[in-house]
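What follows is a single structure, written as structure tokens, with notes after it.
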Amino acid sequence: MTLCEKILKFMKTHKLGITPLQAMDHFGCMCLAQRIYDLRKMGYKIKSEIVEVKNRYGKTCRVARYTLRE
């Protein structure tokens, strides 16, 4: 299974989507944005939004979260 296929399967089973940290933790993916670009080129409709999360030091950071469009 390719990395794009793993990310796609994750997004299908996790309706809240995927963030870069989740992609790193689950799949060792260092560049989620590139894999999302590849999936979009394959024809998948993927929504991106900026969300605020806490980093390990408790500081608020903004990251992208990607979800599949129904």
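Points worth noting:
- Approximate spin-label separation Lys54-Phe27, in nm, with each point projected 7 Å along Cα-to-Cβ: 2.8 nm
- Rounded to the nearest 20 debye, the dipole magnitude of the chain is 120 debye, with +1 charges on Lys and Arg beta carbons, -1 on Asp and Glu beta carbons, and the Cα centre as origin.
- Rg to Rh, two decimals, where the chain supplies the alpha carbon set and Rh follows Kirkwood: 0.97
- On Cα atoms only, tilt of 32-41 relative to the major axis of the chain in degrees: 30 degrees
- Whole-Å distance, taken between Cα centres, linking the range 42-68 and the range 1-27: 12 Å
- Taken over the range 8-49, the convex hull of the Cα atoms encloses 73 Å³ per residue.
- Accessible-area composition of the chain, carbon plus sulfur, in percent [1.4 Å probe]: 53 percent
The values are calculated or read from the model by the stated rules, or taken from the named source; none is laboratory data. Quantities reported herein were computed from a predicted structural model and do not represent experimental measurements. So basically every Cβ, Gly included, is an ideal-geometry build from the backbone, and we count neighbours across all protein chains shown. All accessible areas refer to the heavy atoms of the entire protein, side chains included, with ligands and DNA or RNA removed. Shrake-Rupley method; radii C 1.70, N 1.55, O 1.52, S 1.80 Å.
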